[in-house]
Every structure is written in C-alpha cells, then in structure tokens.
1. Can you work out which of the residues in segment 95-122 that are of a type in the set (Val, Ile, Thr) and within 20 Å of the chain's Cα centre (by Cα) is farthest from Gly55 (Cα to Cα)?
2. Inside segment 86-139, can you point out the residues that are in a strand (DSSP E or B) and within 18 Å of Asp67 (Cβ to Cβ)?
3. Can you tell me how many residues within segment 110-120 are among the β-branched types (Val, Ile, Thr) and free of Cβ contacts under 8 Å to residues at least 60 places away in the same chain?
4. Being surrounded by 15 or more Cβ atoms within 10 Å (Cβ to Cβ), over 12 Å from the mean Cα position of the chain (by Cα), at pLDDT 95 or above and within 19 Å of Glu51 (Cα to Cα), is that true of even one residue in segment 125-138?
5. For Asp67, are the conditions met, namely being modelled with pLDDT of 95 or more, at negative phi and among the charged types (D, E, K, R)?
6. Can you give me the number of residues within segment 86-109 that are surrounded by 19 or more Cβ atoms within 10 Å (Cβ to Cβ) and in contact (Cβ under 8 Å) with a residue 40 or more places away in the chain?
7. Just to be sure I understand, how many residues within segment 47-70 are hydroxyl-bearing (Ser, Thr, Tyr), surrounded by 14 or more Cβ atoms within 10 Å (Cβ to Cβ) and in contact (Cβ under 8 Å) with a residue 60 or more places away in the chain?
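The values are calculated or read from the model by the stated rules, or taken from the named source; none is laboratory data. Predicted model only: the values in this text are computed from it and were never measured. For neighbour counting, all protein chains shown are included, and Cβ atoms are generated from backbone atoms with ideal geometry for every residue, glycine included.
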Amino acid sequence: MHRRAYIASLGTVIAAALAGCTALGDVGEELFGAEYDIGMSRNEFLPETFETTVGEPVVWKNTSGADHTVTALERSLPDGAAYFASGGFEDEDTARAAWHDSFGGRIAPRETYTHTFEVPGTYGYICEPHVGGGMIGTVVVTEPTE
C-alpha cells in the first residue's frame, strides 16, 4: 500500500470512530464519571427523563458547543412547586423573553445549572433556543425511601 493511501485510510477510520461524539470532552466525561446528572448535547437532554428524590440537587451540564437554557414549563409543575429556570427567573414568560431579548438564562458550554426539587411530582422543561428541535426533558421527583 502506498503511504498516501494508508494515511488517507487511517484518517477515514479515525473520523468514523469519532463520528458519534458531540465533542471530545464528552468522551472523557462518559469514561471517567461526570459530576452532573443531565447532559446537554446539541439538541437533547441526556437522559431525557431523570429520576431523583425530594431534596436532592439536580445538576445539568452543557456538554455541547452550543448555548442552552433550562426553562421549566409552568403548566407541568406540581401544585406547590417552585418555578425553576437557569438565570433565576420567576416565571416561564419572563425566562423565555429574557433569552430572546438578551440571551438571559444562558448556560454556556461546560457550565452547569443546579436546582433542588422540594415537591414530588413530574416536571417538564425545555431548552428555549432548541425547543423547536425537540430539546425537551422531564424530571420525576419522588419521596426518599428510608
């Protein structure tokens, strides 16, 4: 085999091996244990549904190269639950408007957002800039067992 053909073939093999990775940093985080519960790829929350217990903090990490938000859907909040959104907004309309006005609530690549759920139930949330692409997630919160 000619050297150029070998190098071209090797490049193709390496490119194919890395094709499923959204970023090289993601590979290390998956292999060595991450310090977050929900990752944010280019257009999805991973996992899409996350289960936790009351009082445990949930950490989202932007593992992609795009900006994201965590924006709760008010209609999905259990009775008595506090509203949550990256940027600390008090309601969904304000959180959505802030993103469109000034990138409010922005979670930059490799940054995190944390929220502690105090009421059991199912919580729906979105990434405002990528909701059109289906970036929707759910957190299911249960009472801790003893």
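1. Taking the candidates together, the pick is Ile107.
2. Ile107, Thr112, Tyr113, Thr114, Tyr125, Ile126, Ile136, Gly137
3. 1
4. No, the conditions are met nowhere in segment 125-138.
5. yes
6. Adding up the residues that qualify gives 1.
7. The total comes to 2.
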